[in-house]
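Participant: So that we are looking at the same thing, I have put the structure below in structure tokens.
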Amino acid sequence: MSETSILENKPYAPEVSDSYGVGVSDFESIIPEVEQPTRVIDLMKKLDLEFLRPVIDELYSEDWRFKFDSIPALKTIIYWRLKNHRFLTEVHNDLLTNPDLANVLGYDLIPSYKQLYHFITYRLNHIGTKKIFDVILQKVKQLCENVGIELGKEVIQDSSPMEKKNNDDATYNKHYDIKGYKWHNLICLKTGIPLDYHVGIATEYDGDFFAPMIYRLKNIHNIHPKRAFADGHYSKGKNLMRMNEFFNIEVVTHIDKNWVLHSDATVFELIRQYQKMWKSELFKINAGVDYTKYFMMMHDKTEVLENFYHNQVFKKYLKDPDAYDKKYAIRNLIEHSHGRDKRHTEIKNIQATDIFKFTAHLGMHVISTLVLALVRLQKGETEGLTYRGGLI
């Protein structure tokens, strides 16, 4: 048996086609540059969010705190993000001046601006928006299964800086030369559908969010990726080890010019390091390779395993650098997605005084993207599910 199969006890690469699922040109084809304009109000007519009522009702224990129906209020916030207004006051003005809009959203009586602001900032807040996201994603997942789309088979993870220079809890990132936060985003490669999101301070290390977001995707949503694309910030050996040992996910990542093969990443070295810990609790004299790996991970002595998975990725690159780089280039799609959102929506101008309020508003932006996919899937569409072009 080869050293590779002994150390891993399973094949390195998951059973995924060599084509990496979808190429750049395929992804671009499902996000057309030109689309027949669609009125946001027409989308809202088709949007039924009644299934979210139990979730929203749980966010306040006292009904009297919000005197208006929560579903129309939620649809108003989604309308805000899809309509691409900068300020909530503009949305409130639409409600006051357009009776058809108020009717479509489901209002009998229009709330005040302060009541809408209170709804998103304090009732939904950063916790409620994540709960709503999770429930909608479950709905979207089911609709994808109905039309034969395997959601999240291949995923891309990345972060994007969000400048908030006047916020006291924001931090300065020297690389980006901004003071602000980071939006961590995990999306499905084939559809562009967001699978998870997180907002952190600008100086946090991206790689620390890799395993937790994948773990959440698998355990909360029962979505099991086979391959993940991520840049060099996610490529430390510990992350490569976690993706393989914990999740059985192949990682396609950036190969830094300083990468080298680690000659000591062998079964012999793993066992040698294990034997040094003979005084530790649960040590076994005749431990197999699986138990040895478990024991070393339990005691956070994983350098050999980390180097092993580093070598595996590097060897794939060395075998055919051009082919590897072409596959890695697929990761750029998430950067294009972030760029489009920043250029064509108002997320750069979110008015929020701290990271929790910012997370609530950004969460509603991500939810609005999910809602696009939800409505289009309900209409029987399978392409361009998250495309925002043509919305008026």
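Participant: Inspect all residues belonging to the range 98-112 and state whether any of them is out of contact with any Asp or Glu (no Cβ under 9 Å at 6 or more places or on another chain), outside any helix (DSSP H, G or I), over 23 Å from Val40 (Cα atoms) and aliphatic (A, V, I, L, M).
Facilitator: no
Participant: Let me ask you something else. Before we move on, is Ala360 assigned to a helix (DSSP H, G or I), crowded, with 21+ Cβ neighbours inside 10 Å and touching a residue at least 24 places away in the same chain (Cβ under 8 Å)?
Facilitator: yes
Participant: Another one. When the residues of the range 98-130 are narrowed to those that are closer than 15 Å to Trp80 by Cβ and among the polar types (S, T, N, Q), which ends up farthest from the chain's Cα centre (by Cα)?
Facilitator: Restricting to residues being closer than 15 Å to Trp80 by Cβ and among the polar types (S, T, N, Q), the top hit is Asn98.
Participant: With respect to Asn244, is the statement that it is touching a strand residue (DSSP E or B) at 6+ places or on another chain (Cβ under 8 Å) and either assigned to a helix (DSSP H, G or I) or modelled with pLDDT of 95 or more (or both) true?
Facilitator: yes
Participant: To continue, here is another question. Going by what's in this entry, would Leu52 be described as modelled with pLDDT of 95 or more and over 16 Å from Ile367 (Cβ atoms)?
Facilitator: no
Participant: Another question about this same structure. Against the definition (touching a residue at least 24 places away in the same chain (Cβ under 8 Å), surrounded by 14 or more Cβ atoms within 10 Å (Cβ to Cβ) and under 19 Å from the mean Cα position of the chain (by Cα)), how does Ile136 come out, yes or no?
Facilitator: Criteria met by Ile136.
For every residue, the table says whether it meets (1) surrounded by 17 or more Cβ atoms within 10 Å (Cβ to Cβ); (2) among the basic types (Lys, Arg).
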| site | (1), (2) |
| --- | --- |
| Leu95 | yes, no |
| Lys130 | yes, yes |
| Val147 | no, no |
| Asp177 | no, no |
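Participant: Given the criteria under 24 Å from the mean Cα position of the chain (by Cα), of a type outside the set (Phe, Trp, Tyr), within 16 Å of Ile156 (Cα to Cα) and modelled with pLDDT under 95, does His233 qualify?
Facilitator: It is true that His233 is under 24 Å from the mean Cα position of the chain (by Cα), of a type outside the set (Phe, Trp, Tyr), within 16 Å of Ile156 (Cα to Cα) and modelled with pLDDT under 95.
For every residue, the table says whether it meets (1) without any contact (Cβ under 8 Å) to a residue 40 or more places away in the chain; (2) surrounded by fewer than 18 Cβ atoms within 10 Å (Cβ to Cβ).
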| residue | (1), (2) |
| --- | --- |
| Ser280 | yes, yes |
| Met297 | no, yes |
| Asp300 | yes, yes |
| Leu305 | no, no |
| Val313 | no, no |
| Lys319 | yes, yes |
| Lys326 | yes, yes |
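Participant: Does any residue of the range 365-387 turn out to be part of a helix (DSSP H, G or I), touching a Phe, Trp or Tyr at 6+ places or on another chain (Cβ under 9 Å) and more than 19 Å from Leu82 (Cα to Cα)?
Facilitator: no
Participant: Which one is farthest from Ala228 (Cα to Cα), of the residues in the range 328-357 that are aliphatic (A, V, I, L, M) and surrounded by 15 or more Cβ atoms within 10 Å (Cβ to Cβ)?
Facilitator: Filtering first and then ranking leaves Ala352.
Participant: If I filter the range 149-170 down to residues being surrounded by fewer than 18 Cβ atoms within 10 Å (Cβ to Cβ) and either touching a Ser or Thr at 6+ places or on another chain (Cβ under 6 Å) or among the acidic types (Asp, Glu) (or both), which single residue comes out as nearest to Val371 (Cα to Cα)?
Facilitator: For the range 149-170, the residue satisfying everything is Glu150.
Participant: For the condition assigned to a helix (DSSP H, G or I) and within 30 Å of Thr253 (Cα to Cα), what is the one hit in Asp134, Asp158?
Facilitator: That would be Asp134, the only listed residue that is assigned to a helix (DSSP H, G or I) and within 30 Å of Thr253 (Cα to Cα).
Participant: Look through Gly148, Gly152, Gly192, Gly200 and report the one residue that is in contact with a strand residue (DSSP E or B) (Cβ under 6 Å, 6 or more places away or on another chain), on the phi > 0 side of the Ramachandran plot and not in a helix (DSSP H, G or I).
Facilitator: Among Gly148, Gly152, Gly192, Gly200, only Gly152 is in contact with a strand residue (DSSP E or B) (Cβ under 6 Å, 6 or more places away or on another chain), on the phi > 0 side of the Ramachandran plot and not in a helix (DSSP H, G or I).
Participant: Assuming Gly128 fulfils every condition listed in (1) among the small types (Gly, Ala, Ser); (2) closer than 29 Å to Ala329 by Cα; (3) out of contact with any His (no Cβ under 8 Å at 6 or more places or on another chain); (4) in contact (Cβ under 8 Å) with a residue 24 or more places away in the chain apart from one, which condition is it?
Facilitator: Unmet condition: (2).
Participant: Exactly one of (1) within 28 Å of Leu217 (Cα to Cα); (2) in contact (Cβ under 8 Å) with a residue 60 or more places away in the chain is unmet by Leu186. Its number?
Facilitator: So Leu186 meets the others, but not (2).
Participant: Among the residues of the range 245-278, write down those that are surrounded by 12 or more Cβ atoms within 10 Å (Cβ to Cβ) and of a type in the set (D, E, K, R).
Facilitator: Glu245, Glu250, Asp264, Glu269, Arg272
Participant: Of the residues Phe133, Phe119, only one is modelled with pLDDT under 95, of a type outside the set (Gly, Ala, Ser) and closer than 16 Å to Phe358 by Cα; which?
Facilitator: Unique residue meeting the criteria: Phe119.
The values are calculated or read from the model by the stated rules, or taken from the named source; none is laboratory data. Remember, it's a predicted structure, so these values are computed and weren't measured experimentally. All Cβ positions, glycine included, derive from the backbone under ideal geometry; neighbour counts span all protein chains shown.
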